[in-house]
Amino acid sequence: GLPQLVGNVAFDLRHMFGAIDRDSYLSRFKGVQKFDAAADADLAETVRSTTMPADRIFVFGFAPSVYLDSERQSASRFFWSRPVILEFAADHAGYGSDGLLRDLEATRPAVVALQKQDWSPDVANSRDFFTSTPTLNAWLTSHYALEDDTPIFEVWRRKP
């Protein structure tokens, strides 16, 4: 309603004029699942500060803002995980977990981030699906090392 709209605009204006710091501002935008603006912004900053602009990254979950905020391209056509988790069109070449694996093998992302809680209880969460799918887990653990384990993301970096 109108009172909530006024409160939201006032909050945005206080941030815009410097009365609320960025971390406090972003912490307001957090859902029970899927979305955590502060965690997404932190991951984007890590990616931006530890990769080159031409490097590709892969975020398996529901955090497309990481690509925009880090100014990095996705290593896959799958910019969110749910179609892969559902194995949508997996009987067609280029789709499902096999299609994702082909994308990742071809582009070799510098960073892989797996979101820990996004889809459960409907289907497996992104990290759980990725690490329990033998071909994806084998690819990940063969070519990447776990670098960071935050409450929201597991962050893996390509081995030299």
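The values are calculated or read from the model by the stated rules, or taken from the named source; none is laboratory data. As the structure is a computational prediction, the values presented were derived from the model and not from experiment. Methodologically, a virtual Cβ is constructed for each residue, glycine included, from the backbone with ideal geometry; neighbour enumeration extends over all protein chains shown. For accessibility, only protein heavy atoms count, side chains too; no ligands or nucleic acids. Shrake-Rupley method; radii C 1.70, N 1.55, O 1.52, S 1.80 Å.
The table below gives the values:
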| item | result |
| --- | --- |
| Spin-label proximity, ARG102 to the range 121-153 - amide N less than 17 Å from point 7 Å beyond Cα toward beta carbon | 135-136 |
| ALA145-ASN8 pseudo-label distance in nm [points 7 Å out on the Cα-to-Cβ vector] | 4.5 |
| Cα-based radius of gyration of the range 84-160 once divided by 2.2 N^0.38 Å, which approximates compact folds | 1.09 |
| Residue with peak Gaussian network fluctuation, the chain [Cα springs, cutoff 10 Å], from ALA75, ALA37, ALA90 | ALA90 |
| Average projected area [Cα convex hull, the range 1-93], square nanometres | 8.6 |
| Protein accessible area in the range 1-116, 1.4 Å probe - carbon and sulfur % | 59 |
| Amide H contacts under 5 Å for VAL59, placed H, 5+ residues apart | ALA75, ALA113 |
| Ranking by accessible area, most exposed first, for LYS30, LYS159, LYS116 with a 1.4 Å probe | LYS30, LYS159, LYS116 |
| Within a Gaussian network of the chain (alpha carbon springs, distance under 10 Å), most fluctuating of ASP36, ASP21, ASP149 | ASP21 |
| Using alpha carbons only: equivalent-ellipsoid semi-axes of the chain, gyration tensor based, whole Å | 31, 19, 13 |
| Proportion of all alpha-carbon pairs of the range 81-123 beyond 11 Å (%) | 69 |
| GNM result for the chain, Cα springs below 10 Å: residue of TRP80, TRP119, TRP139 fluctuating most strongly | TRP139 |
| For the range 51-60, 3J(HN,Hα) per residue [Karplus equation, 6.51 cos²θ - 1.76 cosθ + 1.60, θ = phi - 60°, Hz, x = Gly/Pro] | 10, 8, x, 7, 5, 9, 10, 9, 10, 9 |
